[in-house]
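Peer 1: Take this structure, written in structure tokens, and hold onto it; I'll ask about it next.
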Amino acid sequence: MSPLTITARDAATGPVLEITGELDHTTAPELRQAADRLTLVTGQLLVLDLAGMEFCDSSGIAALLAARNLATEQSAGIALTAVPANTVRILRLVGLDRVFTLHSGRPTATDLSSAVR
């Protein structure tokens, strides 16, 4: 079991949360809290970098959706980057690949600017 680590940084397109470890029922509240601390400006893009995410259960998916709702409430967009293959599969199965903009790798700022929804 890997502890969850969330690192916030700023990018040209908006805030980035790098998520490392396991996003599950015990750690999902940490992502919700990290997202709640963000201040998004209209038109910005919240990026959740999942390159280091080792596991994600349904509570983790719910936390991703909560981050999306927060971004939408603040008239910002959201994108998931470096999404692990098993998480992409789950998102596709439940139709959330139509809700989130997904990038399999770490895109450039130019790639992300076109991802705002």
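Peer 1: In a GNM of the chain with a 10 Å cut-off on Cα contacts, which of Ile78, Ile90, Ile19 has the highest mean-square fluctuation?
Peer 2: In the Gaussian network model the winner is Ile90.
Peer 1: Pick from Ala11, Ala71, Ala79: which is most flexible by mean-square fluctuation in a GNM of the chain where alpha carbon atoms under 10 Å apart are linked?
Peer 2: Looking only at Ala11, Ala71, Ala79, the biggest GNM fluctuation is shown by Ala11.
Peer 1: Per residue, how big is the convex hull around the C-alpha atoms of the range 20-78? Give it to me in cubic angstrom, could you?
Peer 2: Details: hull volume 3.7 nm³, N = 59.
Considering the Cα atoms of the range 20-78, their hull volume per residue is 62 Å³.
Peer 1: Let me ask another. Can you divide the C-alpha Rg of the chain by 2.2 N^0.38 Å and report the result to two decimal places?
Peer 2: Compared with the compact-globule rule of thumb, the chain sits at 0.95.
Peer 1: Moving on. Work out which helices of the chain, taken as complete DSSP H runs, extend at least 27 Å along their axis over the Cα atoms and score a mean Kyte-Doolittle of -1.0 or more, then list them.
Peer 2: Sorted by number, there is nothing, because no helix extends far enough and scores high enough.
Only the coordinates and a few stated rules stand behind these numbers; no lab work does. Given the structure is predicted, the values throughout are model-derived calculations rather than measurements.
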